[in-house]
1. Checking residue 384 against (1) closer than 22 Å to residue 158 by Cα; (2) part of a loop (DSSP other than H, G, I, E, B); (3) free of Cβ contacts under 8 Å to residues at least 60 places away in the same chain, which single condition isn't satisfied?
2. Scan the range 115-125 residue by residue and report those that are touching a strand residue (DSSP E or B) at 6+ places or on another chain (Cβ under 8 Å) and not in a loop (DSSP other than H, G, I, E, B).
3. Can you tell me which of 87, 82 is more than 19 Å from residue 34 (Cα to Cα) and assigned to a helix (DSSP H, G or I)?
4. Might you let me know whether the range 126-140 holds any residue that is part of a helix (DSSP H, G or I), crowded, with 18+ Cβ neighbours inside 10 Å, over 17 Å from the mean Cα position of the chain (by Cα) and in contact (Cβ under 8 Å) with a residue 12 or more places away in the chain?
5. Name the residues in the range 34-74 that are more than 17 Å from the chain's Cα centre (by Cα) and within 21 Å of residue 178 (Cβ to Cβ), would you?
6. When you scan the range 345-371, how many residues do you find that are within 25 Å of the chain's Cα centre (by Cα) and part of a helix (DSSP H, G or I)?
7. Take the residues of the range 262-278 that are surrounded by 17 or more Cβ atoms within 10 Å (Cβ to Cβ) and more than 17 Å from residue 240 (Cβ to Cβ): which is modelled with the highest pLDDT?
8. Taking the condition modelled with pLDDT of 95 or more and surrounded by fewer than 17 Cβ atoms within 10 Å (Cβ to Cβ), does residue 345 pass?
């Protein structure tokens, strides 16, 4: 009998983090993929990731609407609670043999709690890493609820084991997003027109002399300062006067402040060198980054995929604090001058050597093979 593997994708970045594993599970002779799309991955204002998932040929077993409006800590907590209720029903209907949850977004805790309380074995992708804000607590909480751990690097494995997890359940698989980066490296040319294919808002900027990419999310532990933080970056990019692609923030607490800051800037300054997008297909997004002069903001893409692609990165603020980084990343605080100086320095440096810190391109296959062969159980004890 094929093992039924239920993978829950809750946001646009989560899809790129698990896409190659989804394909490997779908193609594996001993596995049956049950794909659940939930939370902001279903919502248009955050890029409707579900459209790209369907266009990639994946059949969706269930869609779970669970995001409460508000973009503040209370809405995050209520969204997570609603997710437990809705995903419990989904798991009851699908009867999976194992559930897979991805990374550290706040709503992924819903997946972990629902599966654990229903005695369904839980596999966690990308545990054991260190970052700032609420992601840190969520990631480690999911580790303690999980039965199988598919981590990205050796340091992450060490941390998971130090948390009392059985070493026999912790596997260094690499990160599936690096699989995508390797695929992009085989054909790295920017072979599509971003404006025609994805629309967006703003001027049709001239790309002939290069461009930069900006992706800045709110920090949940600093959500009241989200607008102030993004304005520092907005005015740094304005003064640099470089062609820029800017991507919309995710659904975390503070996103309303980030979004309001962007909209106000757009209306007041009417920038002629910045174009704004909600989302792109994962491979197109990585090609856009690979061909850029620099990636600016606080997205984990700057730490993971960009390290392998060798893209210069300016990482702003505390959102990625403590995360293992490659030499391509330059950290700065929320200072317009510091951001400008770092961008100049990174553009002057140019491309870095690739870093395989987060994998060698076989993560998706590794995860699928382990899901087909690993012992599945839902009870465990603290290891000393």
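The values are calculated or read from the model by the stated rules, or taken from the named source; none is laboratory data. This is a predicted model, so every value here is computed, not measured. Here the Cβ is made from the backbone with ideal geometry for all residues, glycine too, and neighbour counts use every protein chain on show.
1. (3)
2. In the first step, residues of the range 115-125 are kept if they are touching a strand residue (DSSP E or B) at 6+ places or on another chain (Cβ under 8 Å); the result is 115-116, 120-125.
Scanning the range 115-125 gives 115, 116, 122, 123, 124, 125.
3. Numbers: 87 fails: more than 19 Å from residue 34 (Cα to Cα).
Residue meeting the stated conditions: 82.
4. No, the range 126-140 contains no residue that is part of a helix (DSSP H, G or I), crowded, with 18+ Cβ neighbours inside 10 Å, over 17 Å from the mean Cα position of the chain (by Cα) and in contact (Cβ under 8 Å) with a residue 12 or more places away in the chain.
5. Across the range 34-74, the qualifying residues are 56, 58.
6. Residues flagged as within 25 Å of the chain's Cα centre (by Cα) and part of a helix (DSSP H, G or I) within the range 345-371 amount to 11.
7. Initial filter on the range 262-278 (surrounded by 17 or more Cβ atoms within 10 Å (Cβ to Cβ)): 262, 265, 271, 273-278.
Applying the additional criterion that residues be more than 17 Å from residue 240 (Cβ to Cβ) yields 277-278.
Working: 277: 95, 278: 91.
By that ranking, first place goes to 277.
8. On the way: modelled with pLDDT of 95 or more: yes; surrounded by fewer than 17 Cβ atoms within 10 Å (Cβ to Cβ): yes.
Here the answer is yes, as residue 345 does meet what is asked.
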